Amino acid sequence: MILDVVSAVLMLVGAVSCVLGAIGLVRLPDLPSRLQAATKPQTLGLLLILAGTALRLEMESAVTLVLVALFQVITAPVISQLLGRTAYRGGSVHPEHLVVDELAGRMPEEMDR
Amino acid sequence: MTLVFTVVTALLCLACAFTVARLLLGPDTVDRIAALDVLVIIIVAAAAVYVAIYRDGSNIPLLAAVALLGFVGSATAIRLTARRKGLR
């Protein structure tokens, strides 16, 4: 009973976090801020939903869910960084909107990623 | 508990709708790739909700497979976009 309530709360909060991230993806004005909305709330929402699911399963299945969560946490920053770098090179990021531009003047023409 | 699952599924559908809107609107290819990546995460979350509803552990490898595939797909798409723009 207690486990059911905890699992329900976790899944609801996770779903709300996913929706907030998606709203940010639509409403935010430029690509770096959209990447912010695309990465962090979605990862948090997925982790909470996975935790809520794990509480309703037996032990062996829950261990595999931990693997999925770990994988998501590792890959989300990689994708985000690749997208940001590609957008910066493609000129989709406007330097006048940035507070700090650490890549300015440091981008060689032929740099292997 | 049924009500909770209904609400969670509805919220995930709403998130899917917003993400597809960005996928269709996105002024740039990079925006569309970001939206697709988010879509994959939402699909994994929805599959996890399915597992929770039926308490059926046999679908969990599907979650790992979809998450892996989403990562490889997004990384490949980004590389190909960069190459097409002559940015390499």
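We did not get these values from a lab; they are worked out from the coordinates using the rules stated. Just so it is clear, the model here is predicted, and its values are computed rather than measured. Every residue, glycine among them, receives a Cβ derived from its backbone with ideal geometry; neighbour counts consider all protein chains shown.
The table that follows gives values for the structure above.
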| read-out | value |
| --- | --- |
| When the convex hull of its Cα atoms is projected in every direction, mean area for the stretch A:2-111 (nm²) | 8.7 nm² |
| Translational diffusion coefficient (Stokes-Einstein; Kirkwood radius from C-alpha pairs) of chain B at 4 °C, 1.567 mPa s, in µm²/s | 90 µm²/s |
| Chain B, relative contact order [Cα under 8 Å, separation at least 6], % | 28 percent |
| Rh (Kirkwood; distinct C-alpha pairs) - the protein assembly as shown, Å | 17.5 Å |
| Alpha-carbon centroids, the stretch A:88-105 and the stretch B:38-88: separation in whole Å | 29 Å |
| Expected 222 nm ellipticity per residue - DSSP helices of 4 or more, -39500 (n - 2.57), all of chain A, to 500 | -26000 deg cm²/dmol |
| Degrees between helix A:2-27 axis and first principal axis of chain A (Cα, 0 to 90, nearest 10) | 20 degrees |
| Taking chain A and dividing mean pair separation by its residue count, relative contact order in percent (alpha carbons under 8 Å, at least six apart) | 28 percent |
| Computed magnitude of the charge dipole of the stretch B:2-85 (debye, nearest 20; Cβ of K, R +1, Cβ of D, E -1) | 340 debye |
| Helix-derived mean residue ellipticity, 222 nm - over chain B, DSSP H n ≥ 4, -39500 (n - 2.57), to 500 | -30000 deg cm²/dmol |
| Most positive-pole-ward Cα, B:Ala82, B:Tyr50, B:Ala67, against dipole of the stretch B:14-88 from beta carbon charges | B:Ala82 |
